[in-house]
1. So what is the diffusion coefficient of the range 453-527 in µm² per second by Stokes-Einstein at 37 °C and 0.692 mPa s, using a Kirkwood Rh over Cα pairs?
2. Under the rule of -39500 (n - 2.57) per DSSP H run of 4 or more residues, summed and divided by the residues of the chain, what mean residue ellipticity at 222 nm is obtained, to the nearest 500 deg cm²/dmol?
3. Taking the Cα centre of the chain as the origin and placing charges on Cβ (Lys, Arg +1; Asp, Glu -1), which of Ser471, Asn127, Leu640 is farthest toward the positive end of the dipole?
4. Over the Cα atoms of the range 594-648, Rg to Rh with Kirkwood Rh, two decimal places?
5. Inverting the mean 1/r over all pairs of different Cα atoms, compute the Kirkwood radius of the range 179-323 and quote it in Å.
6. If you place +1 on the Cβ of every Lys and Arg and -1 on the Cβ of every Asp and Glu, how big does the dipole about the Cα centre of the chain come out, in debye to the nearest 20?
7. If packing is taken as the average number of other Cβ atoms within 10 Å across a peptide's residues, how do 90-100, 633-643, 564-574 rank, most packed first?
8. From the convex hull of the Cα coordinates of the range 248-290, what is the mean projected area in square nanometres?
Amino acid sequence: MKKMLILGFVLAVTLVFAACANDPPEAPQQGAGTAQNGGDTGAAAGTNNDDAGTADNDTANDDDAPATPAASGPLAAMDAAAANFPFEVLGNLPNVDNNTLRYAVGANTTFSGLLDPLFTDTLLDSNAAGFVVGGNFIGATPEFTIHPTSGLVAVEFVPDAMQVILTQQHEANWHDGVPVTLDDLVFAWEVISHPDYQGVRFDSSFLTVEGVQEFRDQEADTISGLILSDDHRQLTMQFTDFPQSLVHFGFWTTPAPRHHLEHIPVGELQQHANVRENTLGFGPFTLESHVFGESYLFVRNEDFWMGAPRIERILYEIVPPSNVPMALQQGLFDVGDIPASMVLEFADSTNFTMITSPVVGSFDHWTFVLGTEFDMDAGRVVTPDPETMRMGNVNLRRAIAHAVNWQDAATYIMDDLLVPAGSIFTPMHRGFIDTSIPPFDYNPEYAMQLLDEAGFIDIDGDGWREFPDGSEMILTALRANPPTTASEMLLAFSLQSVQDIGINIQLFEGVTHDFQAWVGRVTDSDPFDFDIIIGGWSAGWDPNPSSLWGPEAQFNLSRHSSDELSAILDTINSAAMWDDAVRLQAYSDFQRYFSTVIPAFATFWPLDITGVNNRVQNFSAVRRDDPNVVGAGASHLWELTAAEPILP
């Protein structure tokens, strides 16, 4: 069997919404953020056939994957699940001319139409944007840190001066022919830091650059800590603090075309045609057409700075997740997201190979609403006394976490291709996971004891517990539409398990919601009218949790904050983190805080599976130092070896 791929167009300081535990997320994105995603896993491999024009589809995993330390517990289970799949399909057959790669994006929703990373907030949109916008502006290592010289821009860290110095070392053009310069990165910072900015990218990480707060408060016309050379080819970034997470792309690194957007008021950018219809990038492909919400047609950028892509066109189309495997088998698509729950069913497919990524960077979660709103004027969550919130009692939150047999759900519903999470951190950051902190094991007796001790008892004998003050307790959970039947079963199983300990939990409004509607609900700054959010995150390359759980983060769906949490995050965002011992302790403190207070808990680490037709070669999930070597994100090196997809 073999391993799969997460499409890696992201240089990940990124938080973006994806789908949710049980089926394949979309691909990663470049920029700062997080993503809501899905996660079915499976174990299968398409076997190669010998038809003329078929790529050799040589597969590779452990020999080409980055070395990782030995693991135990959930990490070992994750590694074992991934070990059933290859990480890439390689070949050396001739690339055919006039070719179109057809990509089936497994989703039960639509594209929003946004391709500009200034405003994308879902993994679905970010993955699509990567073809147009992504251009290896700053290079990355296999360890998900900044590579000093492999990008368009070279990077030098100067800790003593608290500076990052960026120097443009290659030439690149926006798709309209205007040169890309470091002034475009300055412009992106000016947009995101502007008080009228309508997106979700601004968070506390921006405030570590000198002058951002003054610019945001309109006390200055420029950001003083962004010092640009006269020729716009060198940018010195002056920080007021110098967290170690900067080397993990802990600052915004995606430029925006000043000449294309500067004339538009920042408050109007998100809805403007230059953002929604005429997105300008410098990536390997340009947008030729868009069937709104359904598909994009990307065409080769002959002027791409790393060389013209070998594929001429990519049709990137939404397909219901449960339909993707059969569509691949029928030769309707070349690449597609495979729900984990369907992997075994298609294990004997001969015309496509299932691959996975050697590194998992996403998690599924239950998040408890502990704050009232996100105050846009103050730029932070509003967290009242926890006891005034419906989910404010920690015994209630802990009982819910222990009520579900997550391992049985993974085994009997997802064929052990979904791994119960061992931390709110992901295996991508395994070196920072504190394995001494136990996960939330299945213990319904303990869960009921916790509820009894906290006063959540059944007063009227109807089988449901009341709040300690005697009032009726009906909890509501917001969940996006499950992508497959197995996903629906998993959702029903988890809700029933919570009900079995006497908690009346129901779906918000009695139904699951379209994913874009789900995103609209959780990104609304007004008070939530539900108690629990069930979703998934693609957490990006930076282990710093501030952009997801910090008080200034709009992605902080729990809207939880506390002095203790802020103190932990202050350490994480300080220069003290350059000390290895301090760094490990701070990340341990964060995980222990989350395990104790439980604003949210991770349910699963999802293994994402991608099916790749036998005519596709040089399609990889392995990140490598050299962007011009086949690896994750190198879509300009994908090739097609036959005129049409290979059939069984």
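1. Translational diffusion coefficient: 234 µm²/s.
2. Working: 14 runs with 125 residues, N = 648.
One gets -5500 deg cm²/dmol as the mean residue ellipticity at 222 nm.
3. Leu640
4. Working: Rg = 18.1 Å, Rh = 14.5 Å.
Using Cα coordinates only, the ratio equals 1.25.
5. Numbers: mean 1/r = 0.0573 Å⁻¹.
Taking every pair of different Cα atoms in the range 179-323, averaging 1/r and inverting gives 17.4 Å.
6. Details: 25 positive and 88 negative charges, 191 e Å.
Charge dipole of the chain: 920 debye, to the nearest 20.
7. Values: 90-100: 14.6, 633-643: 22.3, 564-574: 18.6.
Result, highest mean first: 633-643, 564-574, 90-100.
8. Numbers: hull surface 17.4 nm².
The number I arrive at for the range 248-290 is 4.3 nm².
Any read-out appearing in this document is the output of simple, stated calculations on the displayed coordinates, not a laboratory observation. All of these numbers come straight from a predicted model, not from anything done at the bench. Using ideal geometry, Cβ is built from the backbone for each residue, glycine included, and neighbour counts are taken over all protein chains shown.
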